[in-house]
Amino acid sequence: MTETAREAAAGFDSTGGVGGQPVLDKLVALLDLEKIEENIFRGVSPAHSPVRVFGGQVAGQALVAAGRTVPEERKVHSLHAYFIRGGDPSVPIVYEVDRIRDGRSFTTRRVVGIQHGKAIFSLSASFQKDEGGIEHSEGMPDVPEPESLPTLQERAEGYFIGHHDRPRPIDLRYVNDPPWVTRKSGELPARNQVWMRADGKLPDQQLLHVCVLTYASDMTLLDSVLARHGVYWDLDKVIGASLDHALWFHRPFRADEWFLYDSASPTASGARGLATGRFFAADGTHIATVVQEGLLRVV
């Protein structure tokens, strides 16, 4: 495992701005943590990451660490996380798991990600055995089919947006105009809607699918805040970072099948923006809900 993860880290950025199964396989390898002691795991980052480790990667790896200490029949139903310090992509992250509680129906875990002797990330996750009960959900928005929409590379053509050149294990298709387009047109959209899926085939491990969706949930979410003000990361002077992140998983799903990410921002103040999002499977099933607050300084 360790050698596989190291090879993945070394090769993650070697394929240019493309995706596909080879890039997805490298993400799966990065999520396959090394167990170095009971309740202690170690993860690596892509060799050519940006200045900070991508928040979705840290959250996904921390959830893997938590899940490795929980019986497989108990599924994660929620997580709450804080991004404490920017992660250093050049050194491994050590994840320490605290087994808070093992109850008859629920299991609770706390995970701290550590680098250079300091906490950079904390996560609390709750797992539950399968149970029946009352059920309802709101419907999915009426949107075009994902295969009918342009790829991210096609949408970004002609725009100098650096982070779109990196390899992407997630196939991403904007339903509405992306924020770098609405910035130019002057439109201030209230919602951001994106189809997503893992760009290849994933193994049949439900925890892995949940961790890949967790990884993807940190993509495009804060765009819903910026779009309401006509600014965008690489085209304006924006300093931003995820501050906290909460996810609730409602129903089973596969992350290598299309899901709609429908997000909006109800408020922004004090150099912080709040964004909420809902995930829907292609058949309209509401599979997850997310809330994130981010640091957003427009200078």
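Read the figures in this text as sums done on the coordinates, not as results from a lab. This is a predicted model, so every value here is computed, not measured. All Cβ positions, glycine included, derive from the backbone under ideal geometry; neighbour counts span all protein chains shown.
From the phi angles alone, apply the Karplus equation (6.51, -1.76, 1.60; θ = phi - 60°) to region 272-277 and give each ³J(HN,Hα) in whole Hz, x where the residue is Gly or Pro.
Once rounded to whole Hz, the list reads 10, x, 9, 10, 10, x.
May I ask you to list the aspartates and glutamates whose Cα is less than 12 Å away from that of K75, ignoring any residue fewer than eight positions away on the same chain?
D130, E131
Exposed loop GluC sites (Glu not before Pro) only (DSSP loop, at most 15 other Cβ atoms within 10 Å): please give the longest stretch of the chain free of them, not including the sites.
That would be 188-256.
In whole Å, what is the distance between the alpha-carbon centres of region 30-89 and region 217-293?
Computed from Cα coordinates, the inter-centre distance equals 19 Å.
In region 135-238, which trypsin sites (Lys or Arg not before Pro) are in a loop and have at most 12 other Cβ atoms within 10 Å, using DSSP for the loop call?
The qualifying sites are K201, K237.
Pick the calculated P(r) over Cα pairs in 10 Å bins from 0, in percent for this structure from (i) 6, 26, 31, 22, 11, 4, 0; (ii) 7, 31, 38, 21, 4, 0; (iii) 6, 28, 38, 23, 5, 0?
Recomputing P(r) over Cα pairs in 10 Å bins from 0, in percent here picks out (iii).
Mind checking region 122-216 for chymotrypsin sites (Phe, Trp or Tyr not before Pro) that DSSP puts in a loop (not H, G, I, E or B) and that have at most 11 other Cβ atoms within 10 Å?
Here the chymotrypsin sites (Phe, Trp or Tyr not before Pro) that fit, given the DSSP loop and packing criteria, are F160.
With label points built 7 Å along Cα→Cβ from the Cα atoms of Q128 and Y82, find their separation and express it in nm.
Computed distance between label sites Q128 and Y82 equals 2.5 nm.
Pull up the cross-link candidates among the lysines for K184, meaning alpha carbon to alpha carbon under 29 Å and not fewer than 8 places away within one chain.
Partners found: K237.
Once you put a point 7 Å from the Cα of D236 and another 7 Å from the Cα of S148, both along the Cβ direction, what distance in nm separates them?
Roughly 3.1 nm, to one decimal.
How high is the FRET efficiency between D244 and K118 when r is their beta carbon distance and R₀ equals 30 Å, given to the nearest 0.05?
0.95
Could you derive backbone 3J(HN,Hα) for region 250-261 from the dihedral phi with the Karplus parameters 6.51, -1.76 and 1.60 (θ = phi - 60°), listing whole Hz in sequence and x where the residue is Gly or Pro?
Here the 3J(HN,Hα) series is 9, 8, x, 7, 10, 7, 9, 10, 4, 9, 8, 10 Hz.
Which value at 222 nm does the chain reach when only helices count, each DSSP H run of 4 or more adding -39,500 (n - 2.57), with the total divided by all residues and rounded to the nearest 500 deg cm²/dmol?
The helix contribution divided over the chain gives -5500 deg cm²/dmol.
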